[in-house]
Amino acid sequence: MRLKPYRLMVAITAITVLTSMSAVAFAAWSVSSAAGNGGSGAGSMPPGGTPTASVANRNVTVSWPLVTVPGHGPASSYRVTRFNGAGVAQTITNSCTGQIAGLTCTEIGVAPGQWRYAIAPRYAGWDGSNGPLSTAVTVNAPAVSLAPTTITQFPAQITATIGNYLPNQSVSIRLDSAGGTQLGTLTSGAGGGGSTNVSIPNTVADGSHSLYAVGAGGDTSNAPFTINAPVPTPSSVLLANGGATTGLPERLDRVTVTFSSAINTSTMCSAWGPTGNQSLSTDNAQLYVAVENNAAASGNDRLVVSSAELVTPLCATPFKFGSIDLGSANFVTNGDSIFAGTGANRTTATWTASTRTLVITLGGLYQGNAPARVSQSLTATYTPDPAIMGSNGRPVGGTVSRTAVQF
């Protein structure tokens, strides 16, 4: 029996309608080998199965069950979609994009967050719908931890340990902000972790701070630490008369400076130990006080203590003291006055650890003209040498002043 034209037209129309339907439906037309016999049929693409997801560092491996299309066989490929907690589809990374021929893929370098996955099958150009969502998995954010977290002594190092960064990622360690001073670098390992030691400068102020671990590409984390190492400062200065005339620098006058906290006295003179009582009393003008004409920044005369003529084993470098603005330009008017000598004319230095006090006693006039007497009340200001360090490794800072008749 021959197939009548109107039956053929119905079959063609059915196929056309089915091919324009949703991607989850498909149609088939078959013609039997028997003369004049034919038929048509339609079916639906099944949805994807429920996937499972597991996290390793910043990578998520997604696996799913095989989908079989009834009457045809296994699906030829699958599409993977990632969703956030609100059910919004996300841009998936290259390793899981497009059509996946197998039953698993690993999404590389996933952003931190909580994610769920769905799978949609494909067969012969027909796409099935997403199946059920996987259980949520969490990709942790990059993190850094510090040890120790409190600094009380310099030099100081902190070990910064990172985790959850991308494998082989370049990471810089920065102070107090993502764009702060760089203190160190490291490259994360295959698991996204690693550690490095960074030195904290002794000029960083006391208080709360943070170290930031900034990865190439923008991954950033931070952790807090605290510095509790007060900067030593001079707490008092006294220019006291010990000679025959007040208001006049001369033999046996004393310069006394007291500090707020313990000083590493080896930073004043390398022949001194870092702690304990210390003294210098040598012949041959090895330690001296100079009253310098108009040498202070203000234009006033300036008092300094030095040992530029030293020989071993007194100090390997000149004695570190700093300077005192004497509050007047009238002590010396023609050149400098140098106080030093031998025997009773020695200039001496004594450190008393219990009171944190340095006393400089002027020797005899060794070089230059005798200073003039300035009997009115003056304000003297001591500025310590920045090379002097506290016992906590901090450089001494600040100034101290005293108003009185000096010397």
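The values are calculated or read from the model by the stated rules, or taken from the named source; none is laboratory data. Worth saying up front: this structure is predicted, and the values here are computed from it rather than measured. All Cβ positions, glycine included, derive from the backbone under ideal geometry; neighbour counts span all protein chains shown.
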Could you check T403 against (1) surrounded by 15 or more Cβ atoms within 10 Å (Cβ to Cβ); (2) assigned to a strand (DSSP E or B) and say which number it fails?
(1)
Counting only residues that are farther than 25 Å from V139 by Cβ and either of a type in the set (S, T, Y) or part of a strand (DSSP E or B) (or both), segment 178-211 contains a total of 12
Out of all the residues in segment 363-374, is one or more surrounded by fewer than 17 Cβ atoms within 10 Å (Cβ to Cβ) and under 16 Å from S261 (Cα atoms)?
no
By residue number, the members of segment 314-328 that are surrounded by fewer than 17 Cβ atoms within 10 Å (Cβ to Cβ) and either farther than 22 Å from V359 by Cβ or modelled with pLDDT of 95 or more (or both) are A316
Have a look at A290, A285 and point out the one that is assigned to a loop (DSSP other than H, G, I, E, B), in contact with a strand residue (DSSP E or B) (Cβ under 7 Å, 6 or more places away or on another chain), crowded, with 20+ Cβ neighbours inside 10 Å and of a type outside the set (F, W, Y).
A285
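If you check V55 against the conditions, is it among the hydrophobic types (A, V, I, L, M, F, W, C), surrounded by fewer than 17 Cβ atoms within 10 Å (Cβ to Cβ) and part of a strand (DSSP E or B)?
Criteria met by V55.
Looking at V304, V332, V359, which is the one that is surrounded by 14 or more Cβ atoms within 10 Å (Cβ to Cβ), outside any strand (DSSP E or B), modelled with pLDDT of 95 or more and of a type in the set (A, V, I, L, M)? Show your work before the answer.
Numbers: V304 fails: outside any strand (DSSP E or B); V359 fails: outside any strand (DSSP E or B).
Unique residue meeting the criteria: V332.
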Pairs only if they're at least six apart or on different chains, beta carbon under 8 angstrom, first in segment 250-277 and without any contact (Cβ under 8 Å) to a residue 60 or more places away in the chain, second of a type outside the set (V, I, T) and assigned to a strand (DSSP E or B); list them, first residue then second.
A271/L280
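Just to be sure before I move on: is S298 more than 30 Å from A229 (Cβ to Cβ), of a type outside the set (D, E, K, R) and over 41 Å from the mean Cα position of the chain (by Cα) in the structure I sent?
On the way: more than 30 Å from A229 (Cβ to Cβ): yes; of a type outside the set (D, E, K, R): yes; over 41 Å from the mean Cα position of the chain (by Cα): no.
No: the conditions fail for S298.
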Of (1) touching a Phe, Trp or Tyr at 6+ places or on another chain (Cβ under 8 Å); (2) assigned to a loop (DSSP other than H, G, I, E, B), W351 satisfies every one except (2)
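Of the residues that sit in segment 212-232 and are of a type in the set (A, V, I, L, M) and in contact with a Gly (Cβ under 9 Å, 6 or more places away or on another chain), which one is farthest from Y382 (Cα to Cα)?
First pass over segment 212-232, keeping only residues of a type in the set (A, V, I, L, M): 213-214, 216, 223, 227, 229, 231.
Among the residues that remain, those that are also in contact with a Gly (Cβ under 9 Å, 6 or more places away or on another chain) are: 214, 227, 229, 231.
On the way: V214: 43, I227: 27, A229: 23, V231: 16 Å.
That would be V214.
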Given the conditions (1) more than 30 Å from N140 (Cβ to Cβ); (2) in the same structural domain as A156 (by TED's automatic domain parsing); (3) touching a strand residue (DSSP E or B) at 6+ places or on another chain (Cβ under 6 Å), which single one is not true for V214?
(1)
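Going by the conditions given, is A240 assigned by TED's automatic domain parsing to the domain that holds Y165, at pLDDT 95 or above and out of contact with any Gly (no Cβ under 8 Å at 6 or more places or on another chain)?
Details: assigned by TED's automatic domain parsing to the domain that holds Y165: no; at pLDDT 95 or above: yes; out of contact with any Gly (no Cβ under 8 Å at 6 or more places or on another chain): yes.
So A240 fails the test.
Can you find a residue in segment 272-287 that is hydroxyl-bearing (S, T, Y) and within 16 Å of I388 (Cβ to Cβ)?
Restricting attention to segment 272-287, the residues satisfying the condition of being hydroxyl-bearing (S, T, Y) are 275, 279, 281-282.
Those still in the list that are within 16 Å of I388 (Cβ to Cβ) too: 275.
The answer is yes; a qualifying residue exists.
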Give the residues of segment 243-272 that are closer than 22 Å to S306 by Cα, small (G, A, S), at pLDDT 95 or above and part of a loop (DSSP other than H, G, I, E, B), sorted by residue number.
A262
When segment 212-242 is checked residue by residue, the ones that are out of contact with any Pro (no Cβ under 6 Å at 6 or more places or on another chain), in a loop (DSSP other than H, G, I, E, B) and farther than 30 Å from T399 by Cα are A216, G217, G218
Does segment 65-74 contain any residue that is surrounded by 14 or more Cβ atoms within 10 Å (Cβ to Cβ) and within 30 Å of N168 (Cβ to Cβ)?
no
Do you know which of the residues in segment 100-132 that are more than 30 Å from G193 (Cβ to Cβ) and among the aromatic types (F, W, Y) is modelled with the lowest pLDDT?
W126
When only residues in segment 228-258 that are more than 46 Å from the chain's Cα centre (by Cα) and hydroxyl-bearing (S, T, Y) count, which is surrounded by the fewest Cβ atoms within 10 Å (Cβ to Cβ)?
T245
Looking at this structure, is S95 among the hydroxyl-bearing types (S, T, Y) and out of contact with any Asp or Glu (no Cβ under 7 Å at 6 or more places or on another chain)?
no
